[in-house]
Structure formats: structure tokens, C-alpha cells
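One structure below.
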4 protein chains.
Amino acid sequence: MSASRVAPDPDYESRVHASFARQNFMTLLGASITALGPGTCEITLPFRRDLTQQHGFLHAGVVATLADNACGYAAFTLMPADASVLTVEFKLNLMAPAEGEALIARGRVRRAGRTLTVAEAEVSARRDGAEIPVAVMLATVMALHGSSDAPKETRG
Amino acid sequence: MSASRVAPDPDYESRVHASFARQNFMTLLGASITALGPGTCEITLPFRRDLTQQHGFLHAGVVATLADNACGYAAFTLMPADASVLTVEFKLNLMAPAEGEALIARGRVRRAGRTLTVAEAEVSARRDGAEIPVAVMLATVMALHGSSDAPKETRG
Amino acid sequence: MSASRVAPDPDYESRVHASFARQNFMTLLGASITALGPGTCEITLPFRRDLTQQHGFLHAGVVATLADNACGYAAFTLMPADASVLTVEFKLNLMAPAEGEALIARGRVRRAGRTLTVAEAEVSARRDGAEIPVAVMLATVMALHGSSDAPKETRG
Amino acid sequence: MSASRVAPDPDYESRVHASFARQNFMTLLGASITALGPGTCEITLPFRRDLTQQHGFLHAGVVATLADNACGYAAFTLMPADASVLTVEFKLNLMAPAEGEALIARGRVRRAGRTLTVAEAEVSARRDGAEIPVAVMLATVMALHGSSDAPKETRG
């Protein structure tokens, strides 16, 4: 990813935050966007006992959720203002147990196309000040042009 | 998958249910195992507004969570009693919006190996009595032999 | 996949065979289409020593090539006459060594959309009359509408 | 990937080259290893007309073959001398047409485990002196310990 990416919509930050705020599932998990730039998005989730799998680690589904959102919103930053974002597919490799104080997913765009964007995310666990990579995702994200990202019932 | 699969552990059902019950995240989501056989596992989740993404559909992470568990526990039914189950990786294709009264993930084993198992899951949405396929997963699951599936702190 | 799929282009068979014939790589490998229907495609490759990897089995890249084509052409059968077919991405799980007299890839469409199609393929090895599953693919295929499938230099 | 990776087998280079040389399929394609280090592998393939798909670009199967080998041999560099390498699965995103004078696949290890290694590869096309990324792969590779990488018939 080039450092010189420019977001076509100068107001992309508020557009991403508004979309994220509409994701009720993020509120339930307690996740938030902790960094955002043209083609990049970081999402952080503090560890919680009610998000774990049978071994006491954060569930792979929680890891996937964070990585999916980091990829999707990284892609969304490069879409025009009238586009909606949709995940086509993703693949997640789990590399280490998701345990620690927090989970951080960092997404970045590999290739932005008009319709399809290829994005990747690395998910790390913060433990005692260090960051341990726990998963990596490779995803395909779609732009739906002329389709507001807000659900129909909330459009003015 | 052959209809003649035999689970090496005759007590596989209680082993799977006990592992599932230890997944706090399943309790949070409100998901439950609704069918189980040698090499197959079905998980059902009633729709809930707090599990949605920005368009009001169930979040892709929720879909992934259900499919991951359906694949993992389908694989787990064919593992010996002293093995623990671990997701290596999965790939999920989203085919339609996850909206309806409930989400049903049906996992089945494609190839069970001693260490690695290939499993797949189809996720459907129940709407007005019909079932609409919304996603499909292809996953690699690992057996950790001689490793109890319970977390350390709860082992007797 | 429903048995009642109807190809929008009644002439889909000749369109698929013409596209396949333009794939020089298929000629090099010695692969051919051995079955075709609306939403399905079977490709067969006789074993050859010059297609092997370091252990003497058919190379994973050969397996991927066959599966990719089986998925792509299964999708292509359901596209209109003026569309071109393109692989967006695929994931391949290798389940057993690709050894035997021939490799058979059977692709089928899981969900056909206007732009994106989800397809899957199973690849089997024929050994002594039996068929052993060696790999499974899950793929995303794209239709480029209003774009002939023939390369520019051969268009009339 | 850290720059400080150390290959456990100091003779890893000759081991990788010997394995690659046993891959008849590489000879058929005309591919060669053009760079190698602990945890990294680069493979280059000059464009050839008999490796193309229907639009005249290099076939997605050729791209997958190169990326698979780049991932597999990147992983192999970090395995002990008595281990054999095997691809478990891979996922490939195609980002641009594979056209140009040559295709270059650069693989690197993301996480090396005793049994499973996660590796990724970027495939680029060289056109008029520039390099255009055309595909990205995320793969799982397995080490078979105590299993020579040479086929049985050539072992002394």
C-alpha cells in the first residue's frame, strides 16, 4: 500500500465512524475504531470473559469479526461518498491463541478496484505491553455504488 | 461424506455438548446445537437486533462464528476422547444478506485425518418458513491429541 | 444447486468449449472438458510425469488449475452470451496425494449472481477404477458484461 | 517476518534447490528460484504463450502454481533437514491480469510452527521494467517430520 493514497471522499472518517456506530454487534462486543487513514483501519477490543471459546481464549469468531471489519472499513475509506460496503468473502488463518488484555485488528487495502477491493488484516493480542500476532485475514470487499450505507429504516 | 461414518468415541455427543457449553461466546450470542451426528453438526441462532451490522443484517462475524463452530464440532465428533479441537483456518463466502428469524449453520466433515480435518458448512437464514442459503465455509480443523478440551483452570 | 437450472444462453455449450479451446495452458496440460451442464462442468486430465511435484504426485498447481477451470466454466454456463468470465479468488484444500491414472475436477455453482458467482469443485484421482477425493475448492467468479470472452487479437 | 530468522538446517539452500529440481512441473513451465533466504523464496517464470488462458494472459493456475511454490519453499527453508513439505491449503486473490515479460512470486513465512506454517506470497508481473502486483496468496504448509522430501524411488 502506498503512503500516498488519497481518499476520494474527503469526509471519509465521519462516514466510516457513522457506519461503525450503526453496527450493533460492535457495541455488544465492546470494539472501537482506534486508528483510521486512507486505505487503513485499526479496531481494538478489550478482552472479555463472555467472548471466549472452550479453552478460555477469545473465540475465532470474535477474531474473524474484528478482522472482517478492519478489512471492510479499510476498503470503505477509499470508496466514494455514495457507496455502500459489503464483504464478498474472507479467509482467516489462526496462528496463536487469542489471549491477552486486548485484541487489535489492523486492516489495509492491497488493491482498490471500482467494484472489488482486496484487503488484508493482521490481528494481534496485547499481552503485558507486547503484541503477539494471532491471526491474518485476506478478504474481498465490494462497493455498492449509489447505495447508502445506512439501513433503509433510518434514511431521512 | 459417507453415511456410514462411525465416531471413535461412543460418548462423542456429551463431549461436544460439554465443550460447546464452555464457549461463553455461544451463551452471549444465544446459539445452540440443534443436531449432531458422526461428522455433522448443526447450530442455530435466533435473530437478535444486537447482533447486526450497519445494514440491519446479522454481522458477517456472527455468520462466521456459527459456521466455524459447525465445522469444528463436526470434526470433533470424529476425534478420539482425549483430543482437543482447534481451528487452523477457514474461508467464508457470503452469498446473501443474513436476515430472517434464525440462522442455521450445518457443518460436515469432508475428510477426516489423524491431525487435520477438512470440513465445510452451509449457513442458511430461516424466513417465513423457508431456508435461504446465505454463506458457505471451507475450513481446516486440527486435533490436538492427548490434550483435554477443557481449559486448564477447570480440569479436575 | 437445483436440478432445474436453466442457462440464459441456449448456446452455452459451444461458448464454453470455444473459450476452453482458447486456453493454451489446457492444451499443454492435456486437459479436456468431459461433462457440461447448466451450472456444472467436469474437466479430466490424464496423469503425466511432467506435471508432478517433488514426491512424484501431480503438482498442487495442476490440481488448482483444474479446479479453477471447473468452477469458472460451471459459472460461465449460467452467464449471458455477451459476458466474459474472470476468477476473483479461490481457496483450495488438498486432502490426499494427487496420484493415479487421471485427475477429475467437478465444478458446480452454489450461487449465481448477476456480477459474482460462488462455485465449488471437488477434484478426485482415478486409481484402479475407483475415485479418491484429493482436493476441494471454493471460488468466487466474476461476470464481465458486454465483454467478449475472446482475446482482442482474435475478434473478427 | 523478522530479519533475524535463522534456518535450523544450515544446508537449507541446497535442500530447497534439490526439491525444486525434482518438480518436473517447474521444468515444463520454465520456472526457477531467483532468490532464497531463511523464511523467504522468490520464483520467476518468463512469459510463454502456451501458459495462457482464453484472454491471452497467464492462466490463474500458473499464478497459483508459482505462489504455492513460493509459500511452500519459504516454509521449507525453516524446516529441519529430515522434514518433508506439503501444502495443506491456500487461498489466492487475483488482482490484475497476469501479462508482461515475466511473473515473479515472492513468498515469506508469517508464522512458523513445528507442524504448521502460515506463509503468504505476492505475485507480480514485470512489464517494461516495472512490476505490477497481480495476485496475493495466503497458505498453510505442513512439515512431515522424519520423512525425506525425495520420492521413494530415488532414495538411495
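The figures follow:
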{"read-out": "Rounded Å value of the spacing that divides the Cα centres of region C:81-95 and region A:1-80", "value": "28 Å"}
{"read-out": "Straight-distance crosslink candidates among aspartates and glutamates, where the alpha carbon sits under 14 Å from C:K91 and sequence neighbours closer than 8 are dropped", "value": "A:E89, B:E89, B:E120, C:D68, C:E120, C:E122, D:D68, D:E89, D:E120"}
{"read-out": "Cβ charges +1 (Lys, Arg) and -1 (Asp, Glu), total dipole of region B:97-156, debye", "value": "420 debye"}
{"read-out": "Shielding of D:45-57 by partner chains, average beta-carbon count, 10 Å", "value": "6"}
{"read-out": "Label distances, nm, A:A150 versus same residue in remaining copies, Cβ-directed 7 Å point", "value": "5.0, 5.2, 7.0"}
{"read-out": "Cβ-vector label at 7 Å, D:A96, separations to other copies in nm", "value": "3.4, 3.7, 4.2"}
{"read-out": "Other-copy label distances relative to D:P133, 7 angstrom Cα-Cβ extension, nm", "value": "1.5, 3.2, 3.4"}
{"read-out": "Tail weight of P(r) past 18 Å, computed on alpha-carbon pairs of region A:12-148, percent", "value": "50 percent"}
{"read-out": "Chain A: angle of helix A:60-76 to the longest principal axis, Cα-based, in degrees nearest 10", "value": "30 degrees"}
{"read-out": "Assigned charges on the beta-carbon of Lys, Arg, Asp, Glu; the protein assembly as shown dipole about Cα centre (debye)", "value": "0 debye"}
{"read-out": "Degrees, to the nearest 10: B:12-22 long Cα axis against longest axis of chain B", "value": "60 degrees"}
{"read-out": "Dipole magnitude of chain A about its Cα centre (Cβ charges: Lys, Arg +1; Asp, Glu -1), debye to nearest 20", "value": "220 debye"}
{"read-out": "Shielding by partners, peptide B:12-22 (average Cβ within 10 angstrom, other chains)", "value": "1"}
{"read-out": "Cα-projected label distance for B:S4 with A:S14, points at 7 Å along beta-carbon direction, nm", "value": "6.8 nm"}
{"read-out": "Shielding by other protein chains, C:77-89, mean Cβ within 10 Å", "value": "4"}
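Just so you know, all these numbers are worked out from the coordinates, no wet-lab data involved. On a predicted model such as this, the values are computed, not experimentally measured, just so you know. Cβ sites come from the backbone with ideal geometry, for glycine too, and all protein chains shown count toward neighbours.
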